[in-house]
Amino acid sequence: MAMRDLRYFGDPVLKSPADPVTTFDDSTRALVDDLLDTVRAPGRAGLAAPQIGVGLRAFSYNVDGAVGYVLNPEIVELSEEKHEVMEGCLSVPELGFPTVRAVRATVKGVDLRNEPVTVSGDGLMAQCLQHEVDHLDGLLYLDRLTPELRKEAFRQARDKDWFWSR
């Protein structure tokens, strides 16, 4: 168990779709422990395995006192109602842009025993679920911005000292 270093925008692992978790052993348990330890740091709502350099479909969350993880998550429900929220990302630090997200989301996956898990929420939890599954699909929230905002985000990112580091 350890707090893991983050990967930043520009690292290819963040743009590659993650592979499904197929083994449920000590290495998977260690990954989940690291995801949970790393997401518990102040100001963190969610963390996907690619953000710590692991190309597997796993994420952890820490929203309003609810802390947990999901392996092999898939979004199974999104509300028709959408809203624009300010979104940021641990892998794109110091930046935030308005992003359109569903107000409510449901994710299904499995736990370390390969037993079914369902996580649903609205507001910040819905945003977190969508954001983390995007990571596992090789998307950053920047990919969801309007072309004008995406151009501005890339411009701002290029000026940061973390850009393309690691």
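Criterion first (in contact (Cβ under 8 Å) with a residue 12 or more places away in the chain, crowded, with 21+ Cβ neighbours inside 10 Å and out of contact with any helix residue (DSSP H, G or I) (no Cβ under 6 Å at 6 or more places or on another chain)) does residue 71 satisfy it? Spell out the reasoning first.
Working: in contact (Cβ under 8 Å) with a residue 12 or more places away in the chain: yes; crowded, with 21+ Cβ neighbours inside 10 Å: yes; out of contact with any helix residue (DSSP H, G or I) (no Cβ under 6 Å at 6 or more places or on another chain): yes.
Here the answer is yes, as residue 71 does meet what is asked.
Just to be sure, is residue 29 basic (Lys, Arg) and under 12 Å from the mean Cα position of the chain (by Cα)? Against the criterion (basic (Lys, Arg) and under 12 Å from the mean Cα position of the chain (by Cα)), residue 29 does not qualify. For the criterion of being under 11 Å from the mean Cα position of the chain (by Cα) and among the small types (Gly, Ala, Ser), residue 49 passes.
Remark: pairs (first residue in the range 45-63, of a type in the set (Lys, Arg); second residue open to solvent by less than 30 Å² (accessible area, probe 1.4 Å); Cβ separation under 7 Å; 6+ apart in sequence or on different chains) = 57/18; 57/21; 57/71; 57/73; 57/136. Pairing each residue of the range 138-160 that is within 21 Å of residue 53 (Cα to Cα) with any residue that is among the aromatic types (Phe, Trp, Tyr), provided the two are 6+ apart or on different chains, yields C-beta distances under 6 Å for 157/9; 157/163.
Check whether at least one residue in the range 78-88 is open to solvent by less than 40 Å² (accessible area, probe 1.4 Å), over 19 Å from residue 121 (Cα atoms), hydrophobic (A, V, I, L, M, F, W, C) and modelled with pLDDT of 95 or more, and report yes or no. Even if it seems obvious, please write down each step before you answer.
Residues of the range 78-88 that are open to solvent by less than 40 Å² (accessible area, probe 1.4 Å), as a first pass: 79, 85, 87-88.
Among the residues that remain, those that are also over 19 Å from residue 121 (Cα atoms) are: none.
Checked the range 78-88: no residue is open to solvent by less than 40 Å² (accessible area, probe 1.4 Å), over 19 Å from residue 121 (Cα atoms), hydrophobic (A, V, I, L, M, F, W, C) and modelled with pLDDT of 95 or more.
Within the range 34-58, which residues are open to solvent by less than 40 Å² (accessible area, probe 1.4 Å) and either out of contact with any strand residue (DSSP E or B) (no Cβ under 7 Å at 6 or more places or on another chain) or in a helix (DSSP H, G or I) (or both)?
Narrowing the range 34-58 to residues open to solvent by less than 40 Å² (accessible area, probe 1.4 Å): 34-36, 38-39, 41, 45-55, 57-58.
34, 35, 36, 38, 39, 41, 49, 50, 51, 52, 53, 54 - these are the residues of the range 34-58 that are open to solvent by less than 40 Å² (accessible area, probe 1.4 Å) and either out of contact with any strand residue (DSSP E or B) (no Cβ under 7 Å at 6 or more places or on another chain) or in a helix (DSSP H, G or I) (or both).
The values are calculated or read from the model by the stated rules, or taken from the named source; none is laboratory data. For clarity, every value in this text was computed on a predicted model and none was experimentally measured. Cβ coordinates were reconstructed from backbone atoms using ideal geometry, including for glycine residues, and neighbour counts include every protein chain displayed. These area figures cover heavy atoms from the full protein model, side chains too; ligands, DNA and RNA do not enter into them. Shrake-Rupley method; radii C 1.70, N 1.55, O 1.52, S 1.80 Å.
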